[in-house]
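Q: Sending over a structure as structure tokens; questions will come in a sec.
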Amino acid sequence: MALIDDLKQKTEAGLKTLKETAQDLAFTVEKHAVIGKKRYLDKARLERSIQTLSCEIGEYVTDLYTSEKTIDRDDPYIGERVSEIGRLRVSITQLEEEIETIKKTQNGKYDVQP
């Protein structure tokens, strides 16, 4: 019976190790998926929005210049877009900080905002 008990203990220990390894692997895969989504989808979307706003400002300024109108620093059209670009840059910084926090997270859950 000692042989059977010994075999049972070793099998249980092996299964426990296998379960822990599978959990670690699942966590790592999930963590990289979340990081990838944030970096390559969310951040890229914000960067495209900044690029679109910058193009809008450029087209607006070009139209003013070619029509020989004065370009006013206090122009509300430009001010709104510059303000939005600033807000988007803050969002990107926050997203990058969140990504770094997730990277540092070890085994366990992390608080991720959608």
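Just so you know, all these numbers are worked out from the coordinates, no wet-lab data involved. Everything numeric here is computed off the predicted structure, so don't read it as measured data. Cβ coordinates were reconstructed from backbone atoms using ideal geometry, including for glycine residues, and neighbour counts include every protein chain displayed.
Q: For the condition under 19 Å from the mean Cα position of the chain (by Cα) and among the charged types (D, E, K, R), what is the one hit in Lys103, Lys10? Lay out the reasoning, then the answer.
A: Numbers: Lys10 fails: under 19 Å from the mean Cα position of the chain (by Cα).
Just a single option satisfies the conditions, and that option is Lys103.
Q: Tell me whether region 85-93 contains one or more residues that are under 26 Å from the mean Cα position of the chain (by Cα), surrounded by 13 or more Cβ atoms within 10 Å (Cβ to Cβ) and of a type in the set (Gly, Ala, Ser).
A: Yes, there is a match, as at least one residue in region 85-93 is under 26 Å from the mean Cα position of the chain (by Cα), surrounded by 13 or more Cβ atoms within 10 Å (Cβ to Cβ) and of a type in the set (Gly, Ala, Ser).
Q: Another question about this same structure. Only one of Ile92, Ile99, Ile85, Ile78 is in contact with a Lys or Arg (Cβ under 9 Å, 6 or more places away or on another chain) and without any contact (Cβ under 8 Å) to a residue 60 or more places away in the chain; which? I'd like the intermediate steps shown before the answer.
A: Values: Ile99 fails: without any contact (Cβ under 8 Å) to a residue 60 or more places away in the chain; Ile85 fails: in contact with a Lys or Arg (Cβ under 9 Å, 6 or more places away or on another chain); Ile78 fails: in contact with a Lys or Arg (Cβ under 9 Å, 6 or more places away or on another chain).
Sole residue among the options that is in contact with a Lys or Arg (Cβ under 9 Å, 6 or more places away or on another chain) and without any contact (Cβ under 8 Å) to a residue 60 or more places away in the chain: Ile92.
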